[in-house]
Amino acid sequence: VPMAIATSSRASSVRKKRSKHEKMFRSFREIVTGDDVENGKPAPDIYLEAAKRLGVHPSECLVFEDALPGARSGKSAGCRVVAVPDSRMEKEAFESVSDEIIGDMWQFSGKRWGIPLEMNELRG
């Protein structure tokens, strides 16, 4: 499954994070930062650019977002959105801009999305 990171962070911040998590970052084919687009989230630009770089239509993308502006961005780009809101946030706020809301990434099941991944099976 081709994957990308679409973050509002500046490229310099992403480079710092990448240096500490190189193994994880190798899983992503593309990294789109706030420096790469004219309009940040909640505008759809960053997800449209990520889909373009992956060579797929936005409707084929599954976005994971922890923030409301990011969920709005993914939805307005035409992507499917899984919200993983911070526990301090009201989950109801994500209902209109998400296709699914989960409490944490360990609850993600790819079955609904046709992805052979059950996060709860990866727990050690």
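No lab work stands behind these numbers, since they all come straight from the coordinates. A quick note: this is a predicted structure, and the numbers were derived from the prediction, not measured.
The table below lists the values:
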| item | result |
| --- | --- |
| Nonlocal amide H pairs with E118, under 5 Å, H built at 1.01 Å | G110 |
| 3J(HN,Hα) from dihedral phi, segment 95-109, Karplus parametrisation 6.51/-1.76/1.60, rounded to Hz, x for glycine, proline | 4, 7, 10, 9, 8, 7, 10, 10, x, 7, 5, 5, 8, 5, 10 |
| Mean ellipticity per residue at 222 nm, deg cm²/dmol - from DSSP H runs of n ≥ 4 across the chain, formula -39500 (n - 2.57) | -7500 deg cm²/dmol |
| Global geometry of segment 1-41, whether rounded, prolate or oblate, following the gyration tensor of its Cα atoms and the 1.5 cut on a/c | oblate |
| Long-range HN-HN contacts of I5 with modeled amide H, under 5 Å | E30, I31, V32 |
| Whole-number percent relative contact order across segment 1-113, with pairs defined as alpha carbons under 8 Å at least 6 apart | 19 percent |
| Whole-angstrom gap from segment 69-97 to segment 1-28, using each part's C-alpha centre | 21 Å |
| Inverse of mean 1/r across different Cα pairs in the chain, Kirkwood, Å | 15.0 Å |
| Segment 56-72 - phi-based ³J(HN,Hα) in whole Hz, Karplus 6.51/-1.76/1.60, Gly and Pro as x | 10, 6, x, 5, 8, 9, 10, 9, 10, 9, 9, 10, 4, x, x, 5, 4 |
| Gaussian network model of the chain, Cα within-10 Å springs - most flexible of E100, E49, E92 | E92 |
| Long-range HN-HN contacts of D66 with modeled amide H, under 5 Å | V84 |
| Rounded, prolate or oblate (a/c below 1.5 giving rounded, otherwise prolate when a/b exceeds b/c) for segment 26-94 by Cα gyration tensor | prolate |
